[in-house]
Amino acid sequence: LGGTLSGTVASRRLGEAGLQVDLFRNLNDPKRSISNQHPLCEYQASTVVVRDDAPEAFADEVRLWQARGLVEEVPSFWAGRIDARGEVRRAAPCGRRVLPRGGFFALLDALIEALPATVGVRAEQLERMARDDDGQWWLYDRRGNHFGPYGVVLFAFDALPRAVRKASQKQLLESALPHSSRVIASAARAKFASCMTTVLHFDPPLDVPYDAVVFDGTPALQFAARNPRQHQRHRGIQEKNDTWTVVATPAWSLAQRPDSKGKWDKPKVGKEILRAFGRALGCDVGHARQVVPTFHWEGCSYITQVLEGPPCAFDADVGLGWCGDMFGGLGPAGAVASGAAAGALAADFVAARGTNVASALPGEGAWVLRTQREGDEDIVSIVGPGTGRREPDDGLDHTWETAVRLARGTRLESADTYRKCRKFGPIGGHGASE
């Protein structure tokens, strides 16, 4: 469930094993229509770096993209850091940098089109699921149509690139309670940072050499990333020139709005980020125009990952799993690793007919904070422990109370995090769900 990089990798592995797979690309968002594309809810970086020490599985995946002509080597890309004194330091290369032709979402389209014949791609927007007395799963779309039965269901969510919305998957998982309890509880330790963000367009274009900048010592700035005009498919960005995503630090964001329920001054916050951006670059940014209003990006960057055991969650008692870079480590390499692990577990489950198969449910001791590495950029440059929210520091994701309660041992027969938002349904009249 989810046409993400991890979901595509898992589907390919299962299809190549001869299994019949349905890949549902689009999941109904309970808070906002998925047709209303948003540059942060549908997020991508412009390039990907294949580090010199990248896992072989990821290096092989990128070689596949290159063999199919889906990506190209980047001859010139400026990535580096700017400190509070305005001193600029270009990052030393840490691997090969490739550019998906048309952007990451065009790459995903091509990968999905090339899946094995045993993988069917579905466009229905799912909003509910249930498990019957025979242990089979049934899926339901927002029009009441049902699909199934399925022996295994895998969820797939990646933050980078972000091709589905997590709210869609949380809604489905909660509808499957109590059967989904252990998978939800495991994911309760996938923590993320929230940051104030603005997306800017400049006409005439901003005349700077930079493509990806991480800022040091400027609280209102964490990073800025150029969005090349010709590579913004499926992101809701249709501008004359390149645009810029400018993101504040979690700590500064916390000071502006301690939690998602508090009021805040969007124009004021946006202007402060813009002024700081102009000072850091040493150029006039007075002609900037916001592509979308200043955004409190709740799920900006995942700051934890699974270090012990398979980088995914799979409950062999019910044939339910969840994969994505929130398990495998933020970014495409983590997405590939997680999708491959989930695909392998699901294939073993089917081969063994659900008997004598071990679950993979990473608990407290399996998760660690991501560490910042030289060359990290974009949302990967954000690391913990701070989340940008005022909440308990207990290792749990307190933006999802259902997951917190299950991780603490509470038994839940049902939950509906988005019941108050559901009246907005698929018409897209509400704010973005991330």
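The values are calculated or read from the model by the stated rules, or taken from the named source; none is laboratory data. All values derive from a computational prediction rather than experimental measurement. Cβ atoms come from the backbone with ideal geometry, glycine included; neighbour counts cover every protein chain shown. Calculation scope for accessible area: heavy atoms of the full protein, side chains included, ligands and nucleic acids excluded. Shrake-Rupley method; radii C 1.70, N 1.55, O 1.52, S 1.80 Å.
Please return the ranges of strands (runs of 3 or more DSSP E) entirely within region 105-178 where 2 or more residues are touching a Phe, Trp or Tyr at 6+ places or on another chain (Cβ under 7 Å) and open to solvent by less than 10 Å² (accessible area, probe 1.4 Å).
Values: elements: 119-122, 126-131, 137-141, 146-150, 153-156.
Filter on region 105-178 gives 126-131, 137-141, 153-156.
Between a first residue in region 352-364 that is open to solvent by 80 Å² or more (accessible area, probe 1.4 Å) and a second residue that is part of a loop (DSSP other than H, G, I, E, B) and at pLDDT 95 or above, which pairs have beta carbons less than 7 Å apart while being 6 or more apart in sequence or on different chains?
GLU364/ARG189; GLU364/GLY395
Can you say whether SER338 is modelled with pLDDT under 95, under 30 Å from VAL246 (Cα atoms) and buried (at least 21 other Cβ atoms within 10 Å of the Cβ), as far as the supplied structure shows?
Working: modelled with pLDDT under 95: no; under 30 Å from VAL246 (Cα atoms): yes; buried (at least 21 other Cβ atoms within 10 Å of the Cβ): yes.
Considered against the rule, which asks whether it is modelled with pLDDT under 95, under 30 Å from VAL246 (Cα atoms) and buried (at least 21 other Cβ atoms within 10 Å of the Cβ), SER338 comes out as no.
Do you know which of the residues in region 393-411 that are in a helix (DSSP H, G or I) and open to solvent by 50 Å² or more (accessible area, probe 1.4 Å) is farthest from GLU364 (Cα to Cα)?
First, the residues of region 393-411 that are in a helix (DSSP H, G or I): 401-407.
After this cut, where a residue has to be open to solvent by 50 Å² or more (accessible area, probe 1.4 Å) as well, the list is 401, 405.
Working: GLU401: 17, ARG405: 14 Å.
Looking at the filtered set, the residue picked out is GLU401.
How many residues does region 181-203 contain that are part of a helix (DSSP H, G or I) and open to solvent by less than 10 Å² (accessible area, probe 1.4 Å)?
Residues in region 181-203 being part of a helix (DSSP H, G or I) and open to solvent by less than 10 Å² (accessible area, probe 1.4 Å): 4 in total.
Is it true that PRO39 is out of contact with any helix residue (DSSP H, G or I) (no Cβ under 8 Å at 6 or more places or on another chain) and of a type outside the set (Phe, Trp, Tyr)? Reasoning before the result, please.
On the way: out of contact with any helix residue (DSSP H, G or I) (no Cβ under 8 Å at 6 or more places or on another chain): yes; of a type outside the set (Phe, Trp, Tyr): yes.
Taking the combined requirement at face value, the residue satisfies it.
Does region 1-54 hold any residues that are closer than 16 Å to ALA156 by Cα, open to solvent by less than 10 Å² (accessible area, probe 1.4 Å) and among the hydrophobic types (A, V, I, L, M, F, W, C), and which are they?
LEU5, VAL9, ALA10, LEU23, PHE24, LEU27, CYS41, listed by residue number.
Go through (1) within 28 Å of TRP252 (Cβ to Cβ); (2) open to solvent by 20 Å² or more (accessible area, probe 1.4 Å) for ILE379 and report which single condition fails.
(2)
Do we find a residue being on the phi > 0 side of the Ramachandran plot and part of a loop (DSSP other than H, G, I, E, B) anywhere in region 207-215?
Residues of region 207-215 that are on the phi > 0 side of the Ramachandran plot, as a first pass: none.
No, that holds for no residue.
Would you be able to tell me the number of residues in region 222-259 that are over 19 Å from SER76 (Cβ atoms), assigned to a loop (DSSP other than H, G, I, E, B) and open to solvent by 20 Å² or more (accessible area, probe 1.4 Å)? Show your work before the answer.
Of the residues in region 222-259, the ones over 19 Å from SER76 (Cβ atoms) are 222-223, 232-240, 243, 245-259.
Right, trim to assigned to a loop (DSSP other than H, G, I, E, B) and you get 222, 232-240, 248-249, 257-259.
Subsequent filtering for residues that are open to solvent by 20 Å² or more (accessible area, probe 1.4 Å) retains 222, 233-234, 236, 238-240, 249, 257-259.
Residues in region 222-259 being over 19 Å from SER76 (Cβ atoms), assigned to a loop (DSSP other than H, G, I, E, B) and open to solvent by 20 Å² or more (accessible area, probe 1.4 Å): 11 in total.
Checking the structure you have, find out if any residue of region 261-271 is open to solvent by less than 50 Å² (accessible area, probe 1.4 Å), closer than 19 Å to ARG389 by Cβ and not aromatic (Phe, Trp, Tyr).
Yes: region 261-271 contains one or more residues that are open to solvent by less than 50 Å² (accessible area, probe 1.4 Å), closer than 19 Å to ARG389 by Cβ and not aromatic (Phe, Trp, Tyr).
In this structure, does ASP317 turn out to be within 22 Å of the chain's Cα centre (by Cα), at pLDDT 95 or above, among the charged types (D, E, K, R) and under 30 Å from GLY354 (Cβ atoms)? Steps first, please.
Values: within 22 Å of the chain's Cα centre (by Cα): no; at pLDDT 95 or above: yes; among the charged types (D, E, K, R): yes; under 30 Å from GLY354 (Cβ atoms): yes.
For ASP317, the condition - within 22 Å of the chain's Cα centre (by Cα), at pLDDT 95 or above, among the charged types (D, E, K, R) and under 30 Å from GLY354 (Cβ atoms) - is not met.
Any chance region 79-94 includes a residue that's farther than 25 Å from SER11 by Cβ and acidic (Asp, Glu)? Show your work before the answer.
Of region 79-94, the ones farther than 25 Å from SER11 by Cβ are 79-94.
From what is left, the residues that are acidic (Asp, Glu) are 83, 87.
Looking for residues that are farther than 25 Å from SER11 by Cβ and acidic (Asp, Glu), one finds at least one in region 79-94, hence yes.
Here is a list: VAL306, VAL291. Which entry is at pLDDT below 95 and in contact with a Ser or Thr (Cβ under 9 Å, 6 or more places away or on another chain)? Step through it out loud before you land on a result.
On the way: VAL306 fails: at pLDDT below 95.
From the options VAL306, VAL291, the qualifying one is VAL291.
If you scan region 365-374, which residues turn out to be more than 17 Å from the chain's Cα centre (by Cα) and crowded, with 18+ Cβ neighbours inside 10 Å?
ALA366, TRP367
Having 1 or more residues that are touching a helix residue (DSSP H, G or I) at 6+ places or on another chain (Cβ under 8 Å) is the bar; report the strands (runs of 3 or more DSSP E) wholly within region 309-389 that clear it.
Values: elements: 313-315, 320-323, 367-369.
Answer list for region 309-389: 313-315, 320-323.
Being modelled with pLDDT of 95 or more and either within 23 Å of the chain's Cα centre (by Cα) or of a type in the set (Lys, Arg) (or both) is true for just one of ASP60, ASP29. Which residue is that?
On the way: ASP29 fails: modelled with pLDDT of 95 or more.
Being modelled with pLDDT of 95 or more and either within 23 Å of the chain's Cα centre (by Cα) or of a type in the set (Lys, Arg) (or both) holds for just one of ASP60, ASP29, which is ASP60.
Under the condition of being open to solvent by 80 Å² or more (accessible area, probe 1.4 Å) and either in contact with a Lys or Arg (Cβ under 6 Å, 6 or more places away or on another chain) or not polar (S, T, N, Q) (or both), which residue from region 412-425 is farthest from ARG182 (Cα to Cα)? Steps first, please.
Step one: filter region 412-425 for residues open to solvent by 80 Å² or more (accessible area, probe 1.4 Å), giving 413-414, 419-420, 422-423.
Imposing the further condition that a residue be either in contact with a Lys or Arg (Cβ under 6 Å, 6 or more places away or on another chain) or not polar (S, T, N, Q) (or both) reduces the set to 413, 419-420, 422-423.
Details: GLU413: 12, ARG419: 22, LYS420: 25, ARG422: 25, LYS423: 29 Å.
Taking the candidates together, the pick is LYS423.
Residue check: is ALA59 among the hydrophobic types (A, V, I, L, M, F, W, C) and free of Cβ contacts under 8 Å to residues at least 24 places away in the same chain?
Taking the combined requirement at face value, the residue satisfies it.
If we scan region 74-82, do we find a residue that is modelled with pLDDT of 95 or more, open to solvent by less than 30 Å² (accessible area, probe 1.4 Å) and in contact with a Gly (Cβ under 6 Å, 6 or more places away or on another chain)?
No: region 74-82 contains no residue that is modelled with pLDDT of 95 or more, open to solvent by less than 30 Å² (accessible area, probe 1.4 Å) and in contact with a Gly (Cβ under 6 Å, 6 or more places away or on another chain).
Answer yes or no: is there a residue in region 280-294 that is under 19 Å from ALA54 (Cα atoms), open to solvent by 20 Å² or more (accessible area, probe 1.4 Å) and outside any helix (DSSP H, G or I). Please lay out each step first, then the result.
Step one: filter region 280-294 for residues under 19 Å from ALA54 (Cα atoms), giving none.
Checking region 280-294: not a single residue is under 19 Å from ALA54 (Cα atoms), open to solvent by 20 Å² or more (accessible area, probe 1.4 Å) and outside any helix (DSSP H, G or I).
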